[in-house]
Structure formats: C-alpha cells, structure tokens
Amino acid sequence: MGSSISERLSSLQFGENGGGELGRKLRRIFGVIGGLVLLLFLLPTSVTYINPGYVGIVIHRAGGGVDKIPLGPGLHLKNPLTTGIEEYPVFMQTLVLTKSSSEGSLNNDEINVNSKEGQPLSLDVSMSFELDADKAPVLYTTFRRDIASIQHTYVKQSIRQALQEVIGNEEIAAVIGPKKAEAVMRTQLLISQRLAQYGLLVKQFTINELRAPPAVIEAINQKNVMQQQALTAQNELQKNTFQAQGDSIKAVGKAKAILAEAEAQAKANELLSRSITLNLVQYEMAKRWDGKMPQVSGSAMPLIQLPGAMKP
C-alpha cells in the first residue's frame, strides 16, 4: 500500500516537472515566432527606398525637426515610430498653367492680369524648373507640403505676381505685339529671383498664348491697318520728294554745265579777238599766197602789204 502511494507521488512529481519544461519550450517557441512576426511587420517600415531623381527629407515626428541634409537615392534605415520621409523630385519638371484641360491641368489654371490701360489679359504659360537637392529641406520646412501642392499655390502665385508687375506697366498692344519677348524675359528674371531662395531653379519660362477681349483685338487690328497705310503714304511721299530733288539736282547741274560752256566759249572768243591783229591777218595771208596774181577785171592791181612794208 505504502509503495504504491510513493510510486504515484513520484509519477505525479515527474509529470509536473515534465509539463513545466514543455511549457517553457512552448513559450520560447511562441516568443520566437512572435518576434519573427513583429520583425516581418516592422521591417518594411524600418527601411525606406529613395527613387532615382529624388531626395528624401528626414522628418523627426517627436521633435518636429527636419534634417538639413537630405537622403540620396537608395535604401535607408529609419525608426518607423519617430521618423518620416518625404520625397521631393530633383529632376527637371514643367509646370503648365493653362485654360485647356488637355495641356496638363484638370482645372482652369490660366493667369489673369491687367495691362497699363486696365485691359484684362488671360495667359497660358509654362515654366520648366529643377529643385536644388541641398535646399530641399528648406523648401519642406517653409511650406510643409508635397511638391505638387507647392507648385499650384506659391509658385503659381509668384508667376501671376511677376506677370502683373511686367504687363501692368505696358500697353496691351505692345505686349501682344513687339514687346512680348521682352515681357517674357523680364518675367522669368523676376520669378527666378523669388524662387531661388527655396531651391527652385527656373530654366525656362514661356507665354504660350495671350487672350484679350475681342473688341480690344479689333481696335488693335484697325490701328495697325491705319499705321500701315500711313507708313505707305509716307514712303510714297519720300519717294516723290527724293525724285523731285533728283530732278532738281539734274536741272541745276545741266544749267551749270551750259553756263560753264557758255562762259568758256565767251572767254575763248575774247581771247581769240584779242589775239587777232592786222599784222597777224596779213602774215597769215602771205603764208598762204602762191605767188600768182589774182585774175580780176579792171586796171587796179591788188597789193599784199607785208608787215615789213607798213613800216616807214
């Protein structure tokens, strides 16, 4: 009886010890499995990948600060609980602001300004730019938005303000016509100066289309026609004036030539008359006499008086 009881106690004690060891093993196994599950869950959020052409801005959620040096392309470790990453593109982009939804925007993003006379103008514009990677944290710190939101708020407003400053000092006919290229250049300069502090580097600015009220366009066209007609009349007047001046110059020249010829002839005649003397005439007649007496009727004999014979 006593031996059977001790055997039972020994058996019970062994079972309890075996069960405790098994429980510890199971707990370790479950702990390892749980750790693996947790690791697999946290691993994707603990590693971030920055795409080529982008930089990563490191945001510290606990303190609200931003790292001054952005992350380059590739894999990077992070604390998923306290760290966030915002990607900004640093490759060249083109912002298109247009009325037509088929040219890059789902909304009407045209720019509306007024000319010097107060006439309204609607413009479709585009701007190509790059983001300076070193200044990407400054851009995020300033606006706390993604790059697309910044483009359609601050950047768009900067473009509109620059256009108003330039076009607002010009007549509408000049902006539509001969001064359009100058207006584009001056606007790009203003935009570049204002966006450079945030690392937005403007490469090209273009006014793709200008739209003015139809009545204004008609008035400009009529003015251009009248100016063209006036220019044609002026050119014709200048042509006739030049032709008249040419004819006058020719007439004066011809008159001067006739006068000069007459004066020369008169002078020659004067010199000739002064040079002809009686002795010279008789001498020339003697040189030409062949010694024969002229055949004349009557008793008088013509005499040739030589220069020597006239002397006493």
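The values are calculated or read from the model by the stated rules, or taken from the named source; none is laboratory data. Bear in mind that the values here come from a model prediction, so they are computed numbers and not experimental data. When we count neighbours, we look across all protein chains shown, and the Cβ atoms used for this are built from the backbone with ideal geometry, even at glycine. When the accessible area is computed, the model is the full protein with side chains, heavy atoms only, and any ligands, DNA or RNA have been set aside. Shrake-Rupley method; radii C 1.70, N 1.55, O 1.52, S 1.80 Å.
Figures for the structure shown
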read-out	value
Amide H contacts of residue 208 (H built 1.01 Å from N, under 5 Å, at least 5 apart or other chain)	124, 125, 126
Computed accessible area, residue 76, all protein chains, 1.4 angstrom probe, square angstrom	50
Tally of Lys pairs whose C-alpha atoms are under 26 Å apart, taken over segment 112-219, 8 or more apart or cross-chain	10
Among 171-179, 119-127, 20-28, the order from most to least packed when residues are scored by Cβ within 10 Å on average	119-127, 171-179, 20-28
